[in-house]
Structure formats: C-alpha cells, structure tokens
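Single-structure report; data block below.
Derivation of every value follows stated rules applied to the coordinates shown; laboratory data play no part. Predicted model only: the values in this text are computed from it and were never measured. Counting neighbours? That spans all protein chains shown, and the Cβs are built from the backbone with ideal geometry, glycine included.
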2 protein chains.
Amino acid sequence: PLGLCWVLGPAAAFAVPNILLLFMDDMGWGDLGAFGEPSKETPNLDQMASEGMLFLDFYTANPLCSPSRAALLTGRLPVRNGFYTTNAHARNAYAPQDIVGGISDSELLLPELLKKAGYVNKIIGKWHLGHRPQFHPLKHGFDEWFGSPNCHFGPFDNRAQPNIPVYRDWEMIGRYYEDFKIDLKTGEANLTQIYLQEALDFISNQQASQQPFFLYWAIDATHAPVYASKQFLGTSQRGLYGDAVREIDDSVGKILKHLEKLGISENTFVFFTSDNGAALISAPQEGGSNGPFLCGKQTTFEGGMREPAIAWWPGHIPAGGVSHQLGSVMDLFSISLSLAGLQPPSDRQIDGIDLLPAILQGKLIDRPIFYYRGNEMMAVRVGPYKAHYWTWSNSWEEYKKGINFCPGQNVSGVTTHTLEEHTNLPLLFHLGRDPGEKYPLSFASDEYQRAMAQISALVQQHKVTMVPGVPQLNVCDSAVMNWSPPGCEKLGKCLKPPKSDPKKCIWPH
Amino acid sequence: PLGLCWVLGPAAAFAVPNILLLFMDDMGWGDLGAFGEPSKETPNLDQMASEGMLFLDFYTANPLCSPSRAALLTGRLPVRNGFYTTNAHARNAYAPQDIVGGISDSELLLPELLKKAGYVNKIIGKWHLGHRPQFHPLKHGFDEWFGSPNCHFGPFDNRAQPNIPVYRDWEMIGRYYEDFKIDLKTGEANLTQIYLQEALDFISNQQASQQPFFLYWAIDATHAPVYASKQFLGTSQRGLYGDAVREIDDSVGKILKHLEKLGISENTFVFFTSDNGAALISAPQEGGSNGPFLCGKQTTFEGGMREPAIAWWPGHIPAGGVSHQLGSVMDLFSISLSLAGLQPPSDRQIDGIDLLPAILQGKLIDRPIFYYRGNEMMAVRVGPYKAHYWTWSNSWEEYKKGINFCPGQNVSGVTTHTLEEHTNLPLLFHLGRDPGEKYPLSFASDEYQRAMAQISALVQQHKVTMVPGVPQLNVCDSAVMNWSPPGCEKLGKCLKPPKSDPKKCIWPH
C-alpha cells in the first residue's frame, strides 16, 4: 500500500489503513455546499473536501439503490453481479421485501476479500442485497451489522406486509415504526444518531483491538420517507430534506473528529459518496438536488448517476484537491483492495479500477463510464463526451400518473417517455460545454464523427466481452417477506407468512 | 467609514479605501467553481471567495444589461432612474446604438458623489447608459474611460449601421472589428488583456498619486459574441464561453495580486458580480450557467437575476465567509458611499442599502428584493419566499422563432409564454426548499397565507410610494447611432448619419 511510510503515532502498528465508506442514500450531486447547493449548509462536508479531494466526475453504476450497492461491494456492473432484471427491457429493479433473489454466493464481496488482509468489517445501515437467510451480510464477509435489509418504507400492517426488521448482527432486534420509530407527520426519527453512535463505537473498539477495519456506513435519512432527529428538525433553510442533510453533515464531522481524536486519521482512508442521484419525485420536501444536471434517480441522465464524492486521508491526499478523474462506486472496491495490499480477483471481470494514482498523485486515468438501466447499456461517457444509445425517463402511462423523474425539465428527443433506441446514431453530448445534456451534437459534425469513432470501438468491445450474470431481480413472492427474521422468537415478533406464490416482479421504470 | 483603524502600512495615508467593482457581463450564478460549476475552472475567483466573502443571495435589479448598470451606478431601480420603457408592458429595454435616451442629468451617479470625497474614478469597459454626447461617462462623474458605449455587436457595414466605437476618455480611438478586432469564427480577441492592462496601469498610477480611486471594471468577454485571447482559446473544458471565463479568472487573479504587490489590498474594497443571469439563448457555445436556477437573462426567475457575488478586502472581511444576506447591485452604490464616508442623497429614493454590517460583522439585514421587467414589478423576495405577481418567459411568437430563455426547462404555469397576471393570487415559492421555482405553494396553505400577508404589505408600500422616472428607452432613431463620435475626425472615421426619423423602439421581450 502507498504512503505507509508517512504513518506515525498510534496508527503505525497497522500494516494497512482502515477504510471508511460513507455511502449516502438518494443524495444528489447538488446537495453539498462544496458542490454549489445554494443554502450552503454542509460545513463539515465542505471542510472534509477542503482537507481532502473533491471528485466532480464520479458516478454510480446504476441509478437505483440495490444495484448501486451491489456494484460497490462487488466492483462489478449489476448486469454482471446479477442485480438486474430481464422481466422487461431496460428496467430499474431493486430489492423490496418480496424479492426472492439476492447477492449470489458466487460473487466475491469486498469484505470477504478484506478479511484475508486481517480487516474487521462492519456494515451500518442499509444492506439491500437480499434479505433471505442466504443473503445475510454476515454470510458475505461482514463481521458485524447494525441496520436493515430493505428500505425503511412503512408503516405496514404486519398482515399484507410486515414492517421491515432492524438487525444487530445475525438477528433482528426490532422493526421499523414499532421499535425504531419514524414519525411520518413530523419527519422525526433518531436513527442517524443511532447510526452515528454505532460508527463511533465500532471505530473506538477497532482502534483498541489494533486490527484494521472496513466500515461501510450506509445510512438512509435522505431516502424518502426522509427523517431527522428532533434537534435538527426545522434547522435547515431547505426543509425536512435539508434537516436530514444537516444531521448527516454533523455526523460526518463527528466521525472525522473522532478519527483525529483517536490519532488514526492518517491511517484511515475515508470516502463519501451516494448510491444514486437525488429522487426528484420526492422533491421538494423529501428530495434533494442534482445541481445543474438533467433529471434524477431512476434515469441515466447525469442527474441520475453523477454523485457527490470526497476522498479524505490526511497526510496522504493533498488538501483542497479537485479531481476530474472519471470515477465509479465500483472503483471503491478496487481502491480498497489496493489499500489492503490485495490483488483483485482474477477469475472474473472487475469493472472498478484502482484510482489511488488519481487520488494520491493527481494522475488522470483514461476509462469509460457505462450507464446501465437494468439489462441495457443506455449510455457511455468517454472523456467529456456522453453518447446515449437509448433514452427514457419513464413511460407516458407512469408520467400521466404524476410520476416524473425530470420535474420542470424537458429536453425534446432526450427526456423521452418512450424507450427510444439510438444505437445506430447515438445522441452525443459534450458534458463540459453542456453539463445539462440539452444540446445534442450535430450528427454531421466532424466532432461527432471523431468522438463516436472512439466511443463505438469501446462499446463494441464492452458488449462483445459482456457475460451477464444470472438475474436476481426477476421473481417476487409475498411469502419471502420479513415475516419471521432470525431472532423474532425472542421478541415475540414472528409473523405467519402467506402461501408461496412466486411471480414475475413488475418493474414499471 | 468602518474599519479604518485597521488600515496600516503604505495604505495608511489614505483616509478612505479604494473601491474596485468587477462587473461581469451575462455571467451566471453557476459559472464559478465556488458556486458549483462542474468543471471548476476558476481558481482565482475561488481563492478570492476563500479569502473574502461569498454572497449566495445577491441579485441584479433587472435581468438585462443597461438597466442593471444604471441601477448599480444610481443605487436606484431602473423604473426610478429612467432605464425602462413604457412602449409596452413589462418589456426589457436596453441601450442599443439607435437609442435616443440615456442617463438623465438629474440622476446622481456614484462617481459624481465619490468625487466629493476625493476619489479619482475610472470606467473600463462597457458604459451602456446612452452614447449621445450628453450621456458620456465623463459628464457623469468618471474622470477616465477606456471602453465602449454599447455592446460589441458587429461587424456592421458602416452604412446601415456603424461599428461601435471604443473611447479613451472624451474621444473615440477606433471601432470594434476595425481597430479592435474580434474574430467571430475563432472567438479570438485580446480585449480582456487590454482591459486588464488598463486596470493594472490605473491602479499603479493612483497608488502613486496617493488619491483614493473608484475603478468600475465592466468587461464584456462573456457577452455574445464571446471572445478570449489566443493563449486562452481551447483551454477550457467548457468551450469558448469557458475560455472567456478562464481569461477573466486569470485577470482577476492578476488584479488582486497587483493590489497585494502594491501593498494596498487592505485599503481596497473589491466586489465581483455580474449584470444579469447567463444568456441561455447563447448556450452552449456562448452562454453560461445559472446553476440549479430557473431560466436565464431576460427573465425574472432566479436564473435571470441571481448573481455570483464575492466581496474581498483582506484584513477587514473575514476570510472564507459565506453570507445569505439578500443583496442587490444597487447596494454597491450605498456600500461605496459608506466606504467613502459619504451620506446617500436625501432628495430622492435610494433602493440600495449599506451592506457593510453584513459584510464586516456578518449581520443579516431584513429587506425585500424586487424583480422588475421594464415598468412592471414582476416578483418580490422576502426572506426565503418569492412571490410572482406576473410571469412571462417570452411570447409564443418569439418562442416559435427559436428564442428560448428557458432551454430544457418548462414549469407549467410558471415559465409562461403569455404575460400572466397573478396579482390577486401570486405564485409563491420557498427558495430554500425549492431554489428552482418548480413547486408553487398551495394557495390554501397556512404558510402561503402567512407569507403573503407580510409580502402584500411590503408590495403595497412599494407601489404606493413609487414615483417612476421619465422613461429613457422609448425612442429609437438611426440618426443617433455612433456615426461620428468625438475624435472621429482625427482618425478619418466620421460617417454620415441618415436623416433623423425617431420611432418607438420595439422591445419584443
């Protein structure tokens, strides 16, 4: 691992740095002061950026939560790791509680690999890679878990649908809305404080144990229903969503200060990013901002997939750096392995790349970004150019119901309400001149021809070598819901599942 | 004046600080890295912000160039100082070269007033307050001028329309495209370098003379046709517009360093802002970015009137400050008077307020922002609330010709193509939760009722006490164009005007 010669003090006993991924839920590129949010209410994250490195061109692998998280933990595109559907073309699928599938045993997750280098691995927050027993995070490399397998939707009636459980390690310790309250009227919930304390405690314990740690802090206060603790409610100029962001900002500040106080900040690599773009369908009360970018969550426009991103590692990452390296959440897999001195698996295609040369030495690594929606490569970015092979916001049918992924935005022929194919003549944008994807380049221009020649070759190679994984998000069954998670007996919270009735999941988007 | 006790070193001989206004043309809120421009190519302006104070809620007085500039220099709304039209309702008017009117002798301009405190005043760049002899800037308080009376449109044929002259002080020294080249094919022009050198020289001379100066640096490289010097062409990820911004950024850096080198940075108040929102009609090649805001230049949506703004005064303004003070270009009039130890004129309504308590002590001063289009108050902001009394982007007729002030944006009932009256039930937005003006508050909500009660009272008071000035932008005449500006004889550049034929100017927007 790089830069270990600089490690001094109590942390010097570690051979490898700790890894802390702060992974947000539905937070958009434009939600941080450092990224131009006009209320500028994120002093701690802005300071993290000024002490570390800001990534302006960092992407998720999919504009929806489960596939994004599966991609981060496997270093592979969802179409490879199985987090997609073939029920319909180009649909976003995720892991609701009636999903039958989940992360396959054949996938190698980051914590499984890090164990080989002596890491203790903890996930705090949302897992979202399947909630049935075989998909449990402690069966996939994590040593500890505090959080839930699915989104905090609810409250449910425990008849047609059970409330989502919250786990500590192997067993549930309660359910949302019953034991872990969220007041949907006021937006009050103290969950971020709980997640914060879990993180501080874990860090303290690991520091004491002298083992390196991998902490995946996957909190969800900015996912609808958005929530904040009482002391943050009403404190933001941005309403409830802003209250949640402020509490997260405050928590990140406390975590970084905790690292400093323990003397391990120079031995802990921290990365902050989000799973997908802001959910504009929940705006303005419960959705964030994608800044100047087009549309949001669920779409393969920039607003759906470009993420806020900050790397922080005092003494290693130059303070105040800004990088235009094209990055991906999948790179966090490769970066983490590199930090741990491990080689990535050689028996499978890894889509992530090791960005440490970009982070530590400011090098720019040439690489494409692929924008997928389910089983379809919708778009690709190469340098400043982005080519849309398919466009779709959502169907007219959904749009007429009021579901709008691009509120207030409408770019003719781009934010289409039918799934439009452009494979013969992709729509091409120059994201430097036109970050908002409003002005497709002329097909007849030299610039179009030059850029597409390069892009076409990369896309062809990508498609020829693509071996899709077994799709995990095709089958839904009410019987697999969180009726009787392990530990439910002790709590008297076991519920009786209905008869199994597997069906094709319906993914409308 | 405040803070003079802190002035030390060579500058201590001055009784009052120098004032330097860096006033951009058509630059948008979202064009600076510090404001979230995704290519982040403004290191000098970002550093200026980190050493000074960033204003996130700073506005122009009108979404078009001439009225904005007239407002800055008079501290008064265009409807008071005459920079508006009554030819049609709610139209944006400016000062093209066939305009008959200009700044009235009865208006008191900032440089006229500053003279009383011993300031030497220079304008570098675009005047735009009328080009006929009586409107000459040296007749309105400036001691020196290098620049042009109108926009750098052209090239013209010198028959139907003469090329715009460039003046040094009282006389023209050439014309655009003839003596001051702009290559419309490549975008090359060295004008920003010339304006930079003018600024550096003036500052050096004034420093030597030991007199305080007011320098109004009103450059125009980001107004279409956008231009940059050869060494900046092709250097931006943002295309030609970005090249122009980079050159401006570089120039601002050189000006600030020059102040530091001369030892007068602690005795020079510097403010950077722009005349109106980015001209989205010129995007993507020659238009900038309004970040997450709605629409652009010519509109009274946030994209048309919220401006990037930075105050810089080392040793006086706390470094790295961020202010949510509602500010206006008209406040620069009042701030400057305050810095000079002068009282604002008491015989007329001044709309600007002295923001020094906000800038120096971080105090927030309660005040409304009025959004005018020509002779109509279109909207008002009070705290986080903005009420639209009228909405209009542009007419269907213009829109169908391809003139679009909101490309890619369309908010139903808000970005209207007919001039819509809402005076009985204004459209109300909460700009904290909804900076993009996409979600009008429900008329029936308590929040609406509460906010409108306060706003209505302010608006009523504003309207009752409003005394409009004589409109200066009603009459156009080809005979008044820049045919034979003073000094043309020496250059052999006098042209013969056509017969006078005054007409009502046509203002389509």
> Around B:L73, what is the net charge, scoring Lys/Arg as +1 and Asp/Glu as -1 over all other residues with Cβ under 11 Å from its Cβ?
Replying inline: 0
> Antiparallel DSSP bridges in chain A: what percent, to the nearest 5?
Replying inline: 55
> For the protein assembly as shown, what proportion of DSSP beta bridges, expressed in % and rounded to the nearest 5, is antiparallel?
Replying inline: 55
>> I need the calculated FRET efficiency for the pair A:D183 and A:D347, taking r as the beta carbon distance and R₀ as 45 Å, to the nearest 0.05.
In response: 0.40
> Using θ = phi - 60° and the Karplus form 6.51 cos²θ - 1.76 cosθ + 1.60, what ³J(HN,Hα) does each residue of segment B:468-478 get, whole Hz, x for Gly and Pro?
Replying inline: x, x, 5, x, 9, 10, 9, 10, 10, 7, 4
> How many nanometers, to one decimal and shortest first, lie between the label point of B:E397 and those of its other copies, if labels sit 7 Å from Cα toward Cβ?
Replying inline: 4.4
> Which of the lysines could a cross-linker span from B:K115 if the Cα-Cα distance has to be under 20 Å and same-chain partners fewer than 8 positions apart are dropped?
Replying inline: B:K139
> Let a ≥ b ≥ c be the square roots of the eigenvalues of the Cα gyration tensor of segment A:246-353; is it rounded (a/c under 1.5), or, if not, prolate (a/b larger than b/c) or oblate?
Replying inline: oblate
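So what's the back-of-envelope 222 nm ellipticity for chain A, counting only DSSP H runs of four-plus at -39500 (n - 2.57) apiece and dividing by all residues, rounded to 500?
-7000 deg cm²/dmol
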>> For the ranges B:353-363, B:333-343, what's the packing order if you count other beta-carbon atoms within 10 Å of each residue, average per peptide, and put the highest first?
In response: B:333-343, B:353-363
> Label point 7 Å out from A:M466 along Cα-to-Cβ: which residues of segment A:25-63 have amide N under 15 Å?
Replying inline: A:61-63
> Given the convex hull of the Cα atoms of segment A:18-366, what is a quarter of its surface area in nm²?
Replying inline: 16.3
> Mind checking the mean number of beta-carbon atoms from other chains within 10 Å of the Cβ atoms in B:28-40?
Replying inline: 6
>> If you take every residue apart from B:D46 with its C-beta less than 11 Å away from the C-beta of B:D46, what net charge results, scoring Lys and Arg +1 and Asp and Glu -1?
In response: -3
> trypsin sites (Lys or Arg not before Pro) within segment B:421-509: which are DSSP loop residues with at most 16 other Cβ atoms inside 10 Å?
Replying inline: B:K499
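Exactly which chymotrypsin sites (Phe, Trp or Tyr not before Pro) in segment B:140-239 are in a DSSP loop and have at most 15 other Cβ atoms within 10 Å?
Listed in order of number, the matching sites are B:W170.
Mean projection of the alpha-carbon convex hull of segment A:343-442 over all orientations, in nm²?
9.3
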> What span do the alpha-carbon atoms of the protein assembly as shown cover on each of the three principal axes, reported in whole Å from largest to smallest?
Replying inline: 94, 61, 58
>> List the trypsin sites (Lys or Arg not before Pro) within segment A:148-183 that DSSP assigns to loop and that have no more than 11 neighbouring Cβ atoms inside 10 Å.
In response: A:R159
> Tell me, what are the semi-axes, in whole angstrom and largest first, of the equivalent ellipsoid of segment B:21-79 as set by the roots of 5 times the Cα gyration tensor eigenvalues?
Replying inline: 25, 12, 9
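For the pair B:K504 and B:T418, what calculated FRET efficiency results from E = 1/(1 + (r/R0)^6), where r is the Cβ-Cβ distance and R0 = 30 Å, to the nearest 0.05?
Values: r = 22 Å, r/R0 = 0.73.
Plugging the Cβ-Cβ distance into 1/(1 + (r/R0)^6) gives 0.85.
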> Bin by bin, in steps of 10 Å, what percent of the Cα pairs in segment A:366-509 do you find, going until the bin that has the longest distance?
Replying inline: 9, 28, 26, 18, 12, 6, 1
> Given C-alpha coordinates of segment B:139-271, what is the ratio Rg to Rh with the Kirkwood estimate of Rh?
Replying inline: 1.00
>> On the Cα set of segment A:57-177, report Rg and Dmax in Å, please.
In response: 14.6, 45
> Residue of A with Cβ nearest the axis relating A to B, plus distance in whole Å?
Replying inline: A:G36, 1
>> Taking B:K230 in one copy and the same position in all the others, each labelled 7 Å out along Cα→Cβ, what are the pairwise distances from the first, in nm, shortest first?
In response: 7.0
>> Going by amide H atoms built from the backbone, whose H comes under 5 Å of the H on A:A93, apart from near neighbours?
In response: A:T85, A:G374
>> Ordered shortest first, which distances in nm separate the 7 Å Cα→C-beta label point of B:G253 from those of the other copies?
In response: 3.1
